[in-house]
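Student: Dropping the structure in here first, questions after.
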Amino acid sequence: MAKSTEVKIAVFGRAGVGKSALLVRFLTKRFIWEYDPTLESTYRHQTTIDDEAVAMELLDTAGQQEDPLQREGHIRWGEGFIIVYDITDRGSFEDVMTFKNLLDEVKKPKNVTFILVGNKADLGHSRQVSTEEGEKLATELACAFYECSACTGEGNITEVFYELCREIRRR
Ligand code: GDP
Ligand code: MG
């Protein structure tokens, strides 16, 4: 049997945006309300994307709890990134640029492979960031964009991870 391609993906975003919830939704198709926000974990996930075996390594970062050196290590480690914001938290949307700049800084002169995700789409009533603003930022940053909900599973979370894997392999 052919050896599977390995891809390393790290998830970044302000504390509380739902990084852990998104990862667990992708891996288990379930939603768990509370996680230790300081928790940093890695997961392995074996799957098949477009008839190719892929071994994913996934890193759930701990946001603000990370020290700069640790964060730099995570960025060096990653081949692709998911930057997450919370559609009900404008500050988390403004943080996206901070994360993007950090990724650029560490990865230069290489281009960073990443996807932008607006999470908590189920909380439309307290929305602070419109879908159009998310799309506009993604266009500016030349990345794919998804709105989704780790809570309800809407927005095709699986596709976020698969699409990032495809982009990593294309490089
Ligand atoms: P992290 O700090 O980025 O890892 O965020 P967590 O995954 O720990 O989630 C932070 C809080 O937001 C928790 O209370 C979650 O239950 C909640 N949460 C995460 N994703 C969603 C979502 O899609 N919808 C809703 N309504 N709540 C969410
Ligand atoms: Mg977390």
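Student: Determine, yes or no, whether Thr42 is within 16 Å of ligand 2 (Cβ to nearest atom), in a strand (DSSP E or B), out of contact with any helix residue (DSSP H, G or I) (no Cβ under 6 Å at 6 or more places or on another chain) and open to solvent by 50 Å² or more (accessible area, probe 1.4 Å). Break it down stepwise before answering.
Tutor: Numbers: within 16 Å of ligand 2 (Cβ to nearest atom): yes; in a strand (DSSP E or B): yes; out of contact with any helix residue (DSSP H, G or I) (no Cβ under 6 Å at 6 or more places or on another chain): yes; open to solvent by 50 Å² or more (accessible area, probe 1.4 Å): yes.
For Thr42, the condition - within 16 Å of ligand 2 (Cβ to nearest atom), in a strand (DSSP E or B), out of contact with any helix residue (DSSP H, G or I) (no Cβ under 6 Å at 6 or more places or on another chain) and open to solvent by 50 Å² or more (accessible area, probe 1.4 Å) - is met.
Student: Which condition does Gly78 not pass, out of (1) surrounded by 18 or more Cβ atoms within 10 Å (Cβ to Cβ); (2) touching a helix residue (DSSP H, G or I) at 6+ places or on another chain (Cβ under 9 Å); (3) under 25 Å from Thr152 (Cβ atoms), if it passes all the others?
Tutor: (3)
Student: Would you confirm whether or not the stretch 20-30 contains a residue that is open to solvent by less than 40 Å² (accessible area, probe 1.4 Å), among the β-branched types (Val, Ile, Thr), near ligand 2 (Cβ under 10 Å from one of its atoms) and within 10 Å of the chain's Cα centre (by Cα)?
Tutor: No, the stretch 20-30 has no match at all.
Student: Need pairs with beta-carbon distance below 6 Å; first residue at pLDDT below 95 and within the stretch 19-34, second among the β-branched types (Val, Ile, Thr) and surrounded by fewer than 16 Cβ atoms within 10 Å (Cβ to Cβ); sequence gap 6+ or separate chains.
Tutor: Val24/Ile32
Student: Can I ask one more? State yes or no: is Arg90 under 16 Å from the mean Cα position of the chain (by Cα), free of Cβ contacts under 8 Å to residues at least 60 places away in the same chain and open to solvent by 10 Å² or more (accessible area, probe 1.4 Å)? Spell out the reasoning first.
Tutor: Numbers: under 16 Å from the mean Cα position of the chain (by Cα): no; free of Cβ contacts under 8 Å to residues at least 60 places away in the same chain: yes; open to solvent by 10 Å² or more (accessible area, probe 1.4 Å): yes.
No; evaluated as a whole, the condition is false for this residue.
Student: Now for a different question. Would you check if there is a residue in the stretch 65-82 being farther than 18 Å from Leu141 by Cα, out of contact with any Gly (no Cβ under 7 Å at 6 or more places or on another chain) and of a type in the set (Phe, Trp, Tyr)?
Tutor: Checked against the condition, which is being farther than 18 Å from Leu141 by Cα, out of contact with any Gly (no Cβ under 7 Å at 6 or more places or on another chain) and of a type in the set (Phe, Trp, Tyr), the stretch 65-82 yields at least one hit.
Student: Out of all the residues in the stretch 56-69, which are surrounded by 17 or more Cβ atoms within 10 Å (Cβ to Cβ) and either more than 13 Å from the chain's Cα centre (by Cα) or part of a strand (DSSP E or B) (or both)?
Tutor: As a first pass, look at the stretch 56-69 and keep what is surrounded by 17 or more Cβ atoms within 10 Å (Cβ to Cβ): 56, 58-63, 66.
Within the stretch 56-69, Met56, Leu58, Leu59, Asp60, Glu66 meet the criteria.
Student: A further question on this structure: Just to be sure I understand the filter: pairs with C-beta atoms under 6 Å, separated by 6 or more residues or on different chains, first member in the stretch 70-83 and assigned to a loop (DSSP other than H, G, I, E, B), second member among the hydrophobic types (A, V, I, L, M, F, W, C) and open to solvent by 10 Å² or more (accessible area, probe 1.4 Å). Which pairs pass?
Tutor: Short answer, once both residue conditions are applied: Glu79/Ile168.
Student: Here's a follow-up. State which residue is nearest to ligand 1 (Cβ to nearest atom) when the search covers only the stretch 5-15 and only residues that are modelled with pLDDT of 95 or more and small (Gly, Ala, Ser).
Tutor: Going through the qualifying residues, I end up with Gly13.
The values are calculated or read from the model by the stated rules, or taken from the named source; none is laboratory data. Note that the structure is a prediction, hence the values are computed from the model and not measured. All Cβ positions, glycine included, derive from the backbone under ideal geometry; neighbour counts span all protein chains shown. When the accessible area is computed, the model is the full protein with side chains, heavy atoms only, and any ligands, DNA or RNA have been set aside. Shrake-Rupley method; radii C 1.70, N 1.55, O 1.52, S 1.80 Å.
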